[in-house]
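The values are calculated or read from the model by the stated rules, or taken from the named source; none is laboratory data. Just so it is clear, the model here is predicted, and its values are computed rather than measured. Glycine also receives a Cβ, built like all others from the backbone with ideal geometry; neighbour counts cover every protein chain displayed.
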Amino acid sequence: MQRNINQKKSFLFLLILIISITSNLTFAKSGDENKKRKILTAGWLEMVILQPWNIKLRAKLDTGAKTSSLHAVDIERFERDGEKWVRFHTTDPDEENPLKFIEVPLVRDVKIKRHKQKPQIRPVVEMTFCLDGQIYTSEFSLTDRSRFNYRVLLGRKMLQQGIIVDPASTFILKTRRKSCKKLMEAEKSKTDKEKPSEKSSEK
């Protein structure tokens, strides 16, 4: 009887140990991905700048939404080199810049359920944007958000990259086109240097 109890205790201890190690490894991996990025405290409204087009848009940081969404009109699907792409217009009502076409690869399509309406199929694309001197990449579903106050919605999946939302504040971060452009150029230069040259890749 005592032997069975000891065996059960040993098994339980081993199980707890395995769970603990697995959790720590997962946490460590997540920490490594974001260790070079400082944690930001942002207001529930902030300005973001889409790169490399340098388009400035107001964004709502919404922890109640899982995914991110971007205002898009004149959406067109096309193929380039055998791959599926999307082109569209986006703009902020407070910005005076003319509409520009954005062309990006299509990641996938997502079906959005709507109350008392037919489901809507939206294209999903990956976009890069600048916020307070940092570069972020996130997936966005494309839809006409002209009936909403804010052209960009940043959901939880994006905010998990290291952004804490202060619901009592708005526009507390400084995001400028000039500094964002320099940051993108630096990132591109770094990426180009890390790419192996054609000569070094030859055998």
Only one of (1) over 15 Å from the mean Cα position of the chain (by Cα); (2) at pLDDT below 95; (3) within 21 Å of Met158 (Cα to Cα); (4) exposed (fewer than 15 other Cβ atoms within 10 Å of the Cβ) does not apply to Arg37, and that is (1)
Exception for Thr175 within (1) surrounded by fewer than 18 Cβ atoms within 10 Å (Cβ to Cβ); (2) of a type outside the set (D, E, K, R); (3) more than 15 Å from Ala65 (Cα to Cα) falls at (1)
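Within region 59-104, considering only strands (runs of 3 or more DSSP E) that don't extend past its boundaries, which have at least 1 residues that are in contact with a helix residue (DSSP H, G or I) (Cβ under 8 Å, 6 or more places away or on another chain)?
Details: elements: 68-71, 73-80, 83-90.
So the answer is 68-71.
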**Item:** Residue match in region 182-190 (condition: free of Cβ contacts under 8 Å to residues at least 60 places away in the same chain, under 17 Å from Glu46 (Cα atoms) and either surrounded by 12 or more Cβ atoms within 10 Å (Cβ to Cβ) or in contact with a Gly (Cβ under 8 Å, 6 or more places away or on another chain) (or both))
**Value:** no
Any residue at all in region 145-163 that's touching a His at 6+ places or on another chain (Cβ under 9 Å), at pLDDT below 95, under 18 Å from Asp74 (Cα atoms) and surrounded by fewer than 15 Cβ atoms within 10 Å (Cβ to Cβ)? yes
Counting only residues that are in contact (Cβ under 8 Å) with a residue 60 or more places away in the chain and of a type outside the set (A, V, I, L, M, F, W, C), region 65-105 contains a total of 7
From the option list Thr170, Thr137, single residue qualifying as among the hydroxyl-bearing types (Ser, Thr, Tyr) and outside any loop (DSSP other than H, G, I, E, B) is Thr137
Residue hits (region 126-147; touching a residue at least 40 places away in the same chain (Cβ under 8 Å), in contact with a strand residue (DSSP E or B) (Cβ under 6 Å, 6 or more places away or on another chain) and not charged (D, E, K, R)) are Met127, Thr128, Phe129, Cys130, Leu131, Ser138, Phe140, Ser141, Leu142, Thr143
Per the filter on region 111-134, residues in contact with a helix residue (DSSP H, G or I) (Cβ under 7 Å, 6 or more places away or on another chain) and in a strand (DSSP E or B) are Cys130
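Residues checked against (1) crowded, with 19+ Cβ neighbours inside 10 Å; (2) within 22 Å of Met184 (Cα to Cα):
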| site | (1), (2) |
| --- | --- |
| Gly43 | no, no |
| Asn54 | no, yes |
| Ser68 | yes, yes |
| Val73 | no, no |
| Arg80 | no, no |
| Arg87 | no, yes |
| Asp92 | no, yes |
| Glu103 | no, yes |
